Amino acid sequence: AVNVGAGELVVYLNNEGGFLSLKGAVSAGALTKNGLRELQMNNASNAISGPVSIWGGTLNVTGGNGPGPQSSVMIGGLGTWTVGTSLSVTGLGGVGTLSISSGKTNFVTGILSAGQATASLTATSGGTLSLGTNALASFDLDYINTPTGTPRLAMSGNVLNVASGASVTLNALANRPTGRYEKTFVLVQYGALTGSFRTKVNAPEGVEAQLVYDDLN
């Protein structure tokens with residue numbers, strides 16, 4: 001077991017091979033994972049009450065409960081979060097890779113902040129990403145630099161489950177022109193959709209936005 005109380009547990013793994021498996025319960029106020037090697041968590045009594053940051057390498061929840069339901073998970077560009085069990089978190093975001101095992105569900109109750117203006121969060125492995133009632137999918141876009149055909153959340157092999165009341169917010173639209181204009185961005189590409197977001201998008205002052213669904217996005 002690893003218990004740092006309300007403190008932050010920092011794990012840096014960058015040796016030439018292998019991984020670290022934490023089979024005992026991990027208790028911490030926050031967890032930061034860095035380095036290119038894998039950290040495994042497989043205890044059913046883990047208690048991480050605050051943010052989880054995966055800057056590099058893989059944080060693999062092989063079983064048990066992983067981060068606690070109060071945690072928010074941020075996946076950096078060199079990071080991967082592998083979810084081998086169904087679990088719930090308050091927040092999920094970043095530009096790395098989310099790997100949800102087939103038949104498992106990653107449930108987000110608060111804010112999904114997927115991608116950045118020029119980089120995407122990628123989900124793989126055929127599991128389900130589920131947004132709870134009143135959850136919020138939050139996006140930052142750049143009128144000039146955001147690739148219009150590239151989703152901010154790329155999850156073409158996964159199921160997206162959107163509970164009634166969940167909505168989309170456009171936090172910022174950088175480099176937008178003056179006057180009237182119209183432009184379409186791909187926010188999410190999913191394999192299958194259950195439910196739907198509210199049609200009206202919360203947007204910055206001076207911007208009107210709505211959601212349109214097609215066969216791929």
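The values are calculated or read from the model by the stated rules, or taken from the named source; none is laboratory data. Values in this document were obtained by computation on a predicted structure and should not be read as measured data. We place every Cβ from the backbone using ideal geometry, glycine too, and count neighbours over all the protein chains shown. SASA here: full protein model, heavy atoms, side chains in, ligands and nucleic acids out. Shrake-Rupley method; radii C 1.70, N 1.55, O 1.52, S 1.80 Å.
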List nothing, just return the count: lysine pairs in the chain, 8 or more apart or interchain, with Cα separation under 28 Å. 4
Percent carbon-and-sulfur accessible area, the stretch 134-210, ignoring ligands, DNA and RNA, probe 1.4 Å: 44 percent
Is the C-alpha gyration tensor of the stretch 1-134 telling us rounded, prolate or oblate? Criteria: a/c under 1.5 is rounded; beyond that, a/b larger than b/c is prolate, otherwise oblate. rounded
I'd like to check one number: the per residue accessible area of the chain, probe 1.4 Å, reported in Å² as a whole number. 47 Å²
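Based on the alpha-carbon set only, what is the convex hull volume of the stretch 41-103 divided per residue, in Å³?
67 Å³
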Expressed as a whole percentage, what fraction of the accessible surface of the stretch 62-128 belongs to carbon and sulfur atoms when a 1.4 Å probe is rolled over the protein heavy atoms? 54 percent
Net charge near S21, counting Lys/Arg +1 and Asp/Glu -1 over other residues with Cβ under 12 Å of its Cβ? +1
Largest-first ordering by accessible area, 1.4 Å probe, given options I54, I144: I144, I54
Under the 0.36 nm per residue contour assumption, what length would be gained going from the current alpha-carbon distance of S156 and N175 to full extension? 4.0 nm
